[in-house]
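Peer 1: Mind having a look at this structure? Questions to follow.
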Amino acid sequence: MKSRVYLIVLLLLLPLQASLFGPLPLGGIAPDLGLAVLYCIGLLTGPVEAALAGVAIGLIQDLGSASLIGFSGLTRGVMGLFAGLLGRRVLDIQSPSNIVLLFVFCLAESLLSALFLEITYGSVPLVGLFFGRMVPRAVTTALVGYALLRLMTGKNVLAWMRRRELQKEL
C-alpha cells in the first residue's frame, strides 16, 4: 500500500475507535478496530509490510491508551507478520471463512498479550480473562473486520490498494 494510505489509517485509527466503538454498550467490550485493520492489511500485502504496519498501529494505540509503550507494538508486529503469511494462503478475501480466521487471529493476539503479562508480572487470571474478555472481544472484532473487508471489496478499494503489487508482476 502507499505511504499516504498508511498515514491516513494511522491518523484516523484512534479517533474512529473511540467515537464509533467506545460508546457501544456491549458489556464494556468494544471491538478492536486496529486489529481488524491489521488483519485486512495482512491479507492485502506481504508479511514484512504487515509486520511494520502492526508495529506502527500498536505504537499509536500504546500512545493513545497510556499503556506500556511498545507492548502493543511488539504483539501487533508479530500478529501482522502472521496475517501477512496468512494472506498468501487466503484465496477469496470475500469468503465468510474470514470471520473464523479473524476470530482466531484476535484470540491469538489476546493470548500472546496475556502470556507476556504472565511472564513479566505473574499471576494473570487467564481463564477468567479468556471467557470474560478475550472471546467476546474476538467475536466483535471478527464481525467488524469482516464488515470492513466487505466494505473494501464493495467499494473496489482492493484493486486500488493492490495496484503496486500487480505492477511488479507485469
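The values are calculated or read from the model by the stated rules, or taken from the named source; none is laboratory data. All values reported here derive from a predicted model rather than from experimental measurement. Here the Cβ is made from the backbone with ideal geometry for all residues, glycine too, and neighbour counts use every protein chain on show. All accessible areas refer to the heavy atoms of the entire protein, side chains included, with ligands and DNA or RNA removed. Shrake-Rupley method; radii C 1.70, N 1.55, O 1.52, S 1.80 Å.
Peer 1: Inside the range 122-170, can you point out the residues that are in a loop (DSSP other than H, G, I, E, B) and at pLDDT 80 or above? Lay out the reasoning, then the answer.
Peer 2: Filtering the range 122-170 down to residues in a loop (DSSP other than H, G, I, E, B) leaves 122-125, 155-156, 162, 170.
Correct list: 125 only.
Peer 1: For the range 62-108: of the residues being aromatic (Phe, Trp, Tyr) and touching a residue at least 40 places away in the same chain (Cβ under 8 Å), which is most open to solvent (accessible area, probe 1.4 Å)? Before the answer, list the steps.
Peer 2: Looking only at the range 62-108, we keep the residues that are aromatic (Phe, Trp, Tyr), and these are 71, 82, 103, 105.
Right, trim to touching a residue at least 40 places away in the same chain (Cβ under 8 Å) and you get 71, 82, 105.
On the way: 71: 34, 82: 113, 105: 15 Å².
In this case the residue turns out to be 82.
Peer 1: Take the range 109-131 and flag every residue that is over 21 Å from residue 82 (Cα atoms) and open to solvent by less than 40 Å² (accessible area, probe 1.4 Å).
Peer 2: 122, 124
Peer 1: Out of all the residues in the range 27-37, is one or more free of Cβ contacts under 8 Å to residues at least 40 places away in the same chain and open to solvent by 20 Å² or more (accessible area, probe 1.4 Å)?
Peer 2: Narrowing the range 27-37 to residues free of Cβ contacts under 8 Å to residues at least 40 places away in the same chain: 28.
Checking which are open to solvent by 20 Å² or more (accessible area, probe 1.4 Å) leaves us with 28.
Yes - at least one qualifying residue is present in the range 27-37.
Peer 1: Still on this structure, please answer the following. Scan the range 59-67 and give yes if some residue there is of a type in the set (Ser, Thr, Tyr), touching a helix residue (DSSP H, G or I) at 6+ places or on another chain (Cβ under 6 Å) and within 23 Å of residue 28 (Cα to Cα), otherwise no. Don't jump to the end; show me each part of the working.
Peer 2: Filtering the range 59-67 down to residues of a type in the set (Ser, Thr, Tyr) leaves 65, 67.
Narrowing the set further to residues that are touching a helix residue (DSSP H, G or I) at 6+ places or on another chain (Cβ under 6 Å) leaves none.
Looking through the range 59-67, none of the residues is of a type in the set (Ser, Thr, Tyr), touching a helix residue (DSSP H, G or I) at 6+ places or on another chain (Cβ under 6 Å) and within 23 Å of residue 28 (Cα to Cα).
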